[in-house]
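Colleague: Dropping the structure in here first, questions after.
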Amino acid sequence: MNGFWYTLLVRFTSLCGPWFFVMVSRIVATGYFIFSRRRVIESRRFYAALFPERSMFFHLWCTFRQYQNFTTIHLDRYLKAQDKAVTYTSVDWEQLDGVIGRQGGILLMSHLGNWEMAATLLKKQREDLQLLLYMGVKEKEGVEKMQKDTLRQSGITIIGVDKEDNSPFSAVAGIHFLRSGGLVSMAGDVVWRSDQRKVRVIFLGRDAYLPEAPFIFSLVSGAPLFAFFAFRTGKNSYIFTQSDPIPIQPKSRRDRAEAIAGAAQQYADLLEKTLRQHPFEWYHFDRFIH
């Protein structure tokens, strides 16, 4: 949905109520499910790997639920924009809180759950938090641009990652945030460019490729690396949690690649375990497993 139609939907919803947003967004999601053949095939293939003992029709039903669940991200964004209170519960917050203002930390955000709400809840949990998000830049941004503008308004710094550009200045900004005791969020499950350095892991019994950058950042800066998730528990209600720090401890420079590969596999294992607990909140619509 582009920005014009989304804005029109919001205006009608302000007149009719949130039920109108829910109805229209679910109809749109059903349209994407019917007509986005390539993406549906990819999602069905993913659920076949997640539930290999189930039928093709079950995998298709999982895909339909995935598309319908995705609409809740837009609904809760709308409710938040209308100053509706977001309720949340934090789990194991102490470890992450302990690095803020000190050595900083790196958050591995995933397309499992609502990473946008995760960033928002972090700012609510700790208002003095310095938070930097690396986000992909699309050629034509509609709702995505509005999403980034909303995050910026809440005090979050956004750096766009262009698929055609590999500027070193974006990395310098991340290191600066870490040295000032802030948190840097990076996508742990998306490789943006074909020439980007990546790490092979095993996920659902198949090969998958993760970006190497978050692990390099942690290794170079010494900042701990956490996997961070936020899951919906009800309308505009969430629970967020983070893993224990994922260690990257090479014995020598020659062991760096092995240490990074081990950390990447640990994240992949955690992602798979969490996915099995929340199978219909997987919002990665491109190919992930090979």
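Colleague: Quick check on the range 3-54: of everything there that is loosely packed, with under 12 Cβ neighbours inside 10 Å and assigned to a loop (DSSP other than H, G, I, E, B), which residue is nearest to the chain's Cα centre (by Cα)?
Modeller: Per the stated criteria, the residue is PRO52.
Colleague: Same structure again: Pairs only if they're at least six apart or on different chains, beta carbon under 6 angstrom, first in the range 33-54 and over 13 Å from TRP282 (Cβ atoms), second surrounded by fewer than 19 Cβ atoms within 10 Å (Cβ to Cβ); list them, first residue then second.
Modeller: PHE33/PHE64
Colleague: Next question. For residues in the range 194-218 being at pLDDT 85 or above and among the hydroxyl-bearing types (Ser, Thr, Tyr), which is nearest to LEU270 (Cα to Cα)?
Modeller: TYR209
Colleague: Name every residue in the range 93-116 that is closer than 30 Å to SER43 by Cα and either free of Cβ contacts under 8 Å to residues at least 60 places away in the same chain or part of a loop (DSSP other than H, G, I, E, B) (or both), in order of residue number.
Modeller: As a first pass, look at the range 93-116 and keep what is closer than 30 Å to SER43 by Cα: 106-116.
Correct list: SER110, HIS111, GLY113, ASN114, GLU116.
Colleague: Could you list, in sequence order, all residues of the range 55-67 that are hydroxyl-bearing (Ser, Thr, Tyr) and either surrounded by 16 or more Cβ atoms within 10 Å (Cβ to Cβ) or at pLDDT below 95 (or both)? Steps first, answer last, please.
Modeller: Applying the first criterion (hydroxyl-bearing (Ser, Thr, Tyr)) to the range 55-67 yields 55, 63, 67.
If the condition is that a residue be hydroxyl-bearing (Ser, Thr, Tyr) and either surrounded by 16 or more Cβ atoms within 10 Å (Cβ to Cβ) or at pLDDT below 95 (or both), then THR63, TYR67 are the ones that fit.
Colleague: Kindly provide the set of residues from the range 177-193 that are among the charged types (D, E, K, R) and at pLDDT below 90, ordered by number. So that I can check it myself, show each step before the final result.
Modeller: Filtering the range 177-193 down to residues among the charged types (D, E, K, R) leaves 179, 189, 193.
Selection gives ARG179, ARG193.
Colleague: How many residues are outside any strand (DSSP E or B) and over 18 Å from the mean Cα position of the chain (by Cα) when one looks only at the range 180-207?
Modeller: The initial filter retains those residues of the range 180-207 that are outside any strand (DSSP E or B), namely 180-182, 188-197, 204-205.
This time we only want the ones that are over 18 Å from the mean Cα position of the chain (by Cα), so: 180-182, 194-197, 204-205.
So the answer is 9.
Colleague: Could you please give the count of residues in the range 260-283 that are more than 11 Å from VAL199 (Cβ to Cβ), touching a residue at least 24 places away in the same chain (Cβ under 8 Å) and surrounded by 12 or more Cβ atoms within 10 Å (Cβ to Cβ)? Walk me through how you get there before you give the answer.
Modeller: Of the range 260-283, the ones more than 11 Å from VAL199 (Cβ to Cβ) are 266, 269-283.
Still in the list and also touching a residue at least 24 places away in the same chain (Cβ under 8 Å): 270-272, 274-276, 278-283.
Checking which are surrounded by 12 or more Cβ atoms within 10 Å (Cβ to Cβ) leaves us with 270-272, 274-275, 278-283.
Residues in the range 260-283 being more than 11 Å from VAL199 (Cβ to Cβ), touching a residue at least 24 places away in the same chain (Cβ under 8 Å) and surrounded by 12 or more Cβ atoms within 10 Å (Cβ to Cβ): 11 in total.
Colleague: Would you say GLY101 is modelled with pLDDT of 85 or more and out of contact with any strand residue (DSSP E or B) (no Cβ under 9 Å at 6 or more places or on another chain)? Can you show your working first?
Modeller: Working: modelled with pLDDT of 85 or more: yes; out of contact with any strand residue (DSSP E or B) (no Cβ under 9 Å at 6 or more places or on another chain): yes.
In short, yes.
Colleague: A further question on this structure: Given the options THR157, THR150, THR72, THR87, name the one that is touching a Ser or Thr at 6+ places or on another chain (Cβ under 8 Å) and not aromatic (Phe, Trp, Tyr). Spell out how you get there, then give the answer.
Modeller: Details: THR157 fails: touching a Ser or Thr at 6+ places or on another chain (Cβ under 8 Å); THR150 fails: touching a Ser or Thr at 6+ places or on another chain (Cβ under 8 Å); THR72 fails: touching a Ser or Thr at 6+ places or on another chain (Cβ under 8 Å).
Answer to the check: THR87.
Colleague: Additional query: Out of curiosity, is ILE106 over 15 Å from the mean Cα position of the chain (by Cα) and at pLDDT 75 or above? Before the answer, list the steps.
Modeller: Values: over 15 Å from the mean Cα position of the chain (by Cα): no; at pLDDT 75 or above: yes.
No; evaluated as a whole, the condition is false for this residue.
The values are calculated or read from the model by the stated rules, or taken from the named source; none is laboratory data. Computed from a predicted model, the values in this text were never measured in an experiment. Because the Cβ atoms are built from the backbone with ideal geometry, glycine has one as well, and the counts that use them run over all protein chains shown.
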